[in-house]
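The values are calculated or read from the model by the stated rules, or taken from the named source; none is laboratory data. Please read all numbers here as calculations on a predicted model, not as lab measurements. All Cβ positions, even for glycine, are placed from backbone atoms using ideal geometry, and neighbour counts span all protein chains on display.
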Amino acid sequence: MLRLGDVAAVLLVIVGVSGTEAWPARTAQNKAARGGASLTDAELERAIRERFARSKISVNRFTVRVQGGVATIEGRTDVVQHKGVATRLAKAAGARRVVNRIEVSEQARQKASKNLAQGRRRAQIKRSEASARSEPR
């Protein structure tokens, strides 16, 4: 039985590309995720900041500190979801634990409460309630 890695290697040979050229360089985060060498606090902090910079939460400019593999995130946001995204990105970068001290603005809290009070979100609408535009032609 062939594994996915074996299939990829065969395809690379057929195409004529060596494995080292086809795959991106292994980063410290990838090594840590695979159980290899663990990240230093400085490397982990840099990795978290890079993930924040590449995401939509970069506009918040959260501060990140790492000590003993525990990431502490501080800042303020006007989007409720950014608080959870920050935690998930830090964990994905390799943090053992995340202390999330991000404050959500009162305006964002009120907006979220209003949306919840209005009922289901668009993504939760049943197929039977879909608009005429989505019916079969």
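Counting only helices (runs of 4 or more DSSP H) that sit wholly inside the stretch 1-83, those with at least 2 residues that are modelled with pLDDT of 95 or more and touching a strand residue (DSSP E or B) at 6+ places or on another chain (Cβ under 8 Å) are 41-54.
Within the stretch 84-120, the residues that satisfy the criterion of being part of a helix (DSSP H, G or I), basic (Lys, Arg) and surrounded by 11 or more Cβ atoms within 10 Å (Cβ to Cβ) are Arg88, Lys91, Arg109, Lys111.
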